[in-house]
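Presented below is the structure to which this report refers.
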Amino acid sequence: MDELIEKGIRRLEWARAHMGVLQDIRSRLVKDRTLEGVKVGMALHVEAKTGILALTIAEAGAEVRLASCNPLSTDDSVAAALKHHYGLDTYAKKGESNEEYYANLDAVLDMRPDFVIDDGADLITILHTTRRDLLPHVKGGNEETTTGVVRLRSMAAEGKLEFPVISVNDAHMKFMFDNRYGTGQSTFDGFMNATNLLIAGKHLVVAGYGWCGRGIAMRAKGMGANVIVTEVDPVRAIEARMDGYEVMPMLQAVKQADIIICATGDKDIIRREHFAVLKDGCVMGNSGHFDNEISKTALDALAGKPVRVREAVDQYTFEDGRKAYLIAEGRLMNLAAGQGHPVEIMDMSFSIQALSLEHLVKNHASMGPQVYNVPEELDQQVARTKLKVMGIEIDELTKEQRNYLHGWQEGT
């Protein structure tokens with residue numbers, strides 16, 4: 001255990017050393033004690049970058065409990081270090097059963113949190129279903145990811161959401177970098193770690209051309225793959241084609257796919273009819289939040305019980321002898337089989353998280369039960385701090401330029 005804790009400490013301190021934006025925000029939060037006495041329940045991927053966010057909030061005066069938002073994404077060394085060295089209440093381990101996963105989320109909620117920070121909206125959903133007795137204590141929450149925001153906007157539209165939630169995912173300093181560059185790089189970190197296979201020269205299918213899909217396609221192209229995009233949105237399909245990728249239906253794409261990576265946030269993207277014509281030897285992975293983009297039910301029905309051929313790769317064999325490979329049981333491969341997004345990317349995302357939490361603490365009384373965008377000034381604050389950390393200076397508008405952009409009479 002001591003060796004595991006030491007490993008976790010090293011990973012946490014490495015992350016801290018490369019999260020300059022969050023450390024700048026931490027200095028002010030600790031000085032101002034804005035979060036003094038606030039109870040914060042968190043359900044995020046328990047790894048080093050998340051650990052630094054949780055420690056930052058605790059160091060600013062809050063009482064914090066942390067659980068994982070995915071059964072396979074915990075770094076056990078980080079969880080051990082957070083709990084036994086830093087004294088942070090942490091409820092997570094890699095490979096949790098379904099029962100353990102929900103028991104850990106309940107353990108976080110047992111603290112009767114004032115605010116919640118969620119990734120995928122499981123924590124918030126539990127509060128609105130089986131733990132409704134705690135709702136009077138909850139003043140607000142943050143949601144980290146696209147999948148969770150979709151769920152929460154549906155709740156709000158039906159009048160079911162009972163406290164304000166800030167969509168951290170929709171901040172420019174989150175989705176433009178985390179979803180695109182973070183997912184793009186970390187997906188292939190997970191792929192390489194799981195398979196040790198080549199990308200160059202292969203047909204790689206990206207399901208979904210949102211910001212995550214864009215990032216995956218961009219990185220795949222850079223490594224020499226022949227990229228095919230599947231989409232249901234006509235605008236995104238045109239964008240993918242003009243970005244230089246082939247675009248076709250999944251039923252056509254799977255026949256030539258060496259690798260398929262899903263990033264849609266929806267379910268059953270690869271299903272029975274696709275498996276029926278899937279290319280022999282295809283490797284499938286998912287970078288969406290939940291493990292339902294690749295239908296494991298259909299796989300089990302068509303190919304039976306899989307064989308574990310590498311630590312994070314299962315082999316399925318169909319009746320006609322074709323083989324298919326599934327990474328990390330169809331869970332998000334960048335964390336279940338890799339180390340997650342790069343530190344400098346999560347520095348920006350978690351800085352938005354910290355500032356959004358502070359905004360909720362200060363303003364929740366005047367915020368109704370709906371999903372809010374991150375205030376623009378917080379987005380700008382993180383952007384300017386990131387530029388400072390990167391050692392980059394930019395121009396500023398002159399007074400005359402500002403007046404010109406806000407006027408209408410002067411045209412030359």
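When the charge dipole of the chain is built from unit charges on Cβ atoms (+1 for Lys and Arg, -1 for Asp and Glu) and taken about the Cα centre, the candidate among Ile345, Leu88, Met242 whose Cα reaches farthest toward its positive end is Met242. Of the listed pairs Lys7/Lys139; Lys93/Lys139; Lys93/Lys279, which have alpha-carbon separations greater than 30 Å here? Distance filter (> 30 Å) returns Lys7/Lys139; Lys93/Lys279. The stretch 181-336 has equivalent-ellipsoid semi-axes of 22, 17, 14 Å, by the square roots of 5 times the alpha carbon gyration tensor eigenvalues, sorted largest first.
Please tell me the relative contact order of the chain in percent, rounded to the nearest whole number, where contacts are Cα pairs under 8 Å and at least six residues apart. So the answer I get is 17 percent.
Amide H to amide H distances under 5 Å link Ile260 with Val205, Val283, Met284, Gly285, where only residues 5 or more positions off or on other chains count and H is placed in the peptide plane.
When Trp14, Trp211 are arranged by Cβ crowding within 10 Å, least crowded first, meaning fewest neighbours, the order is Trp14, Trp211. 3J(HN,Hα) along the stretch 160-171, derived from phi through the Karplus expression 6.51 cos²θ - 1.76 cosθ + 1.60 where θ = phi - 60°, amounts to 9, 6, 10, 8, x, 10, 9, 7, 4, 4, 8, 6 Hz, with x in place of Gly and Pro. For the stretch 181-336, a simple Cβ point-charge model (Lys and Arg +1, Asp and Glu -1, everything else neutral) yields a dipole of about 220 debye relative to the Cα centre. Less than 5 angstrom separates the built amide H of Asn226 from those of Gly201, Lys202, His203, Leu204, all sequence-distant by 5 or more or on a different chain.
Our coupling estimate for the stretch 126-140, obtained by passing each phi through the Karplus curve with A = 6.51, B = -1.76, C = 1.60 and θ = phi - 60°, is 4, 4, 8, 10, 7, 10, 5, 4, 8, 3, x, 8, 8, 9, x Hz, Gly and Pro reported as x.
Amide H contacts of Ala67: Met42, Ala43, Leu44, Tyr91, each under 5 Å away and 5 or more positions distant or on a separate chain (H built 1.01 Å from N in the peptide plane; Pro and chain starts excluded). Each of Ala62, Val374, Val40 was scored by the projection of its Cα onto the charge dipole of the chain, and the greatest displacement toward the positive side belongs to Val374; charges sit on the C-beta of Lys, Arg, Asp and Glu. Of all the stretches in the chain, which is the longest one without any exposed loop site, taking GluC sites (Glu not before Pro) in a DSSP loop (any state but H, G, I, E, B) with at most 16 other Cβ atoms within 10 Å? It runs 163-310.
Relative to the longest principal axis of the Cα atoms of the chain, the long axis of helix 20-32 makes an angle of roughly 30 degrees.
In the stretch 181-336, taking the dipole from charged Cβ atoms about the Cα centre, the farthest positive-side position among Tyr181, Ala200, Asn286 is held by Ala200.
Only the coordinates and a few stated rules stand behind these numbers; no lab work does. Remember, it's a predicted structure, so these values are computed and weren't measured experimentally. Methodologically, a virtual Cβ is constructed for each residue, glycine included, from the backbone with ideal geometry; neighbour enumeration extends over all protein chains shown.
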